[in-house]
1. Cut-off under 19 Å on the C-alpha distance; same-chain residues fewer than 8 positions from Lys264 excluded. Which aspartates and glutamates are left, in chain and number order?
2. Sorting check: for 45-53, 71-79, 94-102, which peptide has the highest mean count of neighbouring beta carbons within 10 Å, and how do the rest follow?
3. What are the semi-axes of the equivalent ellipsoid of the stretch 87-221, taken as the square roots of 5 times the eigenvalues of the Cα gyration tensor, listed largest first and rounded to whole Å?
4. Mind listing which GluC sites (Glu not before Pro) in the stretch 92-168 are in a DSSP loop and have 14 or fewer other Cβ atoms within 10 Å?
5. Cross-link candidates for Lys90: which lysines have Cα within less than 20 Å, leaving aside residues fewer than 8 places away along the same chain?
6. Can you tell me what the convex hull of the Cα atoms of the stretch 165-310 projects to on average, as an area in nm²?
7. Just tell me which aspartates and glutamates come within less than 15 Å, Cα to Cα, of Lys2; anything on the same chain fewer than 8 places away is out.
8. With +1 on each Lys and Arg Cβ and -1 on each Asp and Glu Cβ, how big is the dipole of the chain about its Cα centre, in debye rounded to the nearest 20?
Amino acid sequence: MKIHGENLTTIWEGADGASVEVLDQRVLPHLVESVTLRSVSDAHRAIVDMTVRGAPLIGVAAAYGLWLASLCWPARDFRPGLVRDAEYLKGSRPTAVNLAWAIDTLVAEVGALPEGADVPSALLAGARRIRERELAHCRAIGEHGVRLLEEAHRRAPGRPVRLLTHCNAGWLACIDWGTATAPIYVAQERGIPVEVWVDETRPRNQGASLTAFELGQQGIEHHVIVDNVGGHLMQHGLVDLCITGADRVTRRGDAANKIGTYLKALAAKDNHVPFYVALPSSTLDLTLGDGVAEIPIEERGPEEVTHITGWDGSTLRTVRVTPEGSPAVNYGFDVTPARLITGLITERGLCAAEEAAILRMLRGAPGAP
Ligand code: MRU
């Protein structure tokens, strides 16, 4: 998608053949900068400090991180390095399963290679394939999800479709297109007017800073709202549907996503507003059933709650918003139970958030987790 008219993706290979460039999401929308990753620790740090973030993107960044790691492994005996660095990368963030999926996929592939094989080339090819796969799946999510926007537009043709989303499940969280935003961008191509309510998404404000930015850059009508407004809008008929992304969806259809998603789903249920979750199949974790009990929820540092970062006109500044001495807790994600989800939007189509439907949808999927 575009930033200041230039087509960009979130991650690309460096020209020197031994590095990876990523858009720095800590400074967007105020600065458009990239960061160069040259080692596995650079990739690990970029995921931990959220230079890169969003479930599909951290999977791809970790895949490239494993390739960077392999450039330092002895050619004769790559296995100890593979095991060590795969675990290191998998430990960078716990909730989004895309990260573990990407690493496990690559480990299974290169683990089967004979000693003396060109492991770095195999890992680079694997990282490229995962990147292309995620990109194509996001576009396909858009093609399937746009049907919901077309239907909403048919029901009320005289005005834009009003969609609410939470956090950033846009192209900045992926490689391109996004998951929750992909149907919006496809709708734009088809001339369907859409207006987006963008939850600011405290504490890191991925909605206010990233989703608002990317929608604005693409010319999509939107309003940023504070996190508690969604219920009021739904009560007054101002939301046609909600679409969020996800970081991990269990085989029963429970979906972990950015903290606060659950409350939007509750409000949507109470107001008969359809609530959809968009995800590529790399976000499915079929090993888990009960998402509330089983999905690991990331806890981040309290300073993300006690402080807020913004642009003062010339520089980024971080200021305290809580009294000195008031402790804070910072859960990064919550789980929306399947009973609150109207449907899942995947690269293979729309499906109910329930085990039988998910398994049916995946039947015959090449490389499906
Ligand atoms: O903590 P973040 O910014 O990585 O969280 C991102 C989200 O929760 C997104 O909604 C999710 O990863 C979906 S990605 C298309």
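The values are calculated or read from the model by the stated rules, or taken from the named source; none is laboratory data. Remember, it's a predicted structure, so these values are computed and weren't measured experimentally. Here the Cβ is made from the backbone with ideal geometry for all residues, glycine too, and neighbour counts use every protein chain on show. The protein model used for the area step is the full one, side chains on, heavy atoms only, and it has no ligands, DNA or RNA in it. Shrake-Rupley method; radii C 1.70, N 1.55, O 1.52, S 1.80 Å.
1. Answer for Lys264, where 19 Å is the Cα cut-off: Glu195, Asp199, Glu200, Asp227, Asp240, Asp247, Asp254, Asp334, listed by chain and number.
2. 94-102, 45-53, 71-79
3. 36, 17, 11
4. Details: sites: Glu109, Glu115, Glu132, Glu134, Glu143, Glu150, Glu151; in loops: Glu115.
Answer in residue order: Glu115.
5. Lys258
6. Numbers: hull surface 37.5 nm².
Projected over every direction and averaged, the Cα hull of the stretch 165-310 covers 9.4 nm².
7. Straight-line reach from Lys2, under 15 Å: Glu33, Asp176, Glu189, Glu214.
8. On the way: 36 positive and 45 negative charges, 132 e Å.
Roughly 640 debye, rounded to the nearest 20.
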